[in-house]
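What follows draws every value from the coordinates through simple rules; no lab data is involved. Keep in mind the model is a prediction, meaning the values are calculated, not measured. So basically every Cβ, Gly included, is an ideal-geometry build from the backbone, and we count neighbours across all protein chains shown.
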Amino acid sequence: MDKVMTLSDAAGLGRRAGPRSPSSSSILPYNLPLLAALLACALAQYKEKRWDTKRMLDSGGMPSSHSAAVSALAMAIGLQEGTGSSAFAIAVVLSCIVMYDASGVRLHAGRQAELLNQIVCELPPEHPLSSCRPLRDSLGHTPLQVFVGSILGCIIAFLMRGPH
């Protein structure tokens, strides 16, 4: 006689194979690297005892929320999977690119935008570009803002790792 598998039997298959993981009892899995990165990004936006929600998708400012996020991600992966893992290598390379971009390319693009805005302001009123909307000039971060963001991210990931 054939055995009929019920829905509850199918749902329990994954749990029988091995020890119960934190994700097996909840709908959303606990993902330390992802949660650490999101928390670091959010905490970097906390200014003067309040969250600046406008800055969540903006760039510039102290500390760098992008640097905090990628550093927390790399640190959490390193703590969870080890520094010899491929995921850690990918996270470190991503972190280096993001932080280089923030303190290099975007910082200089912001400084160029600032100069261009000054030039446009000095144009005579009849010039076609004199009424242009100013360019955004707060695009990047100073090396100190990137450094502080990366330290914040590492601390958050370290504190979230839990007991060993």
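Residue by residue, segment 145-150 carries 3J(HN,Hα) couplings of 5, 5, 4, 5, x, 5 Hz when phi is fed to the Karplus relation 6.51 cos²θ - 1.76 cosθ + 1.60 (θ = phi - 60°); x denotes Gly or Pro. Here the residues GLU126, GLU81, ranked from fewest to most Cβ neighbours within 10 Å of their Cβ, fall in the order GLU126, GLU81.
Charges at C-beta only: +1 for Lys and Arg, -1 for Asp and Glu. How large is the resulting dipole of segment 82-145 about its Cα centre, in Debye rounded to 20?
200
Neighbour counts of C-beta atoms inside 10 Å place HIS127, HIS141 in the sequence HIS127, HIS141, starting with the fewest.
All other residues whose Cβ lies under 14 angstrom from that of LEU73 are scored, Lys and Arg at +1 and Asp and Glu at -1, for a net of 0.
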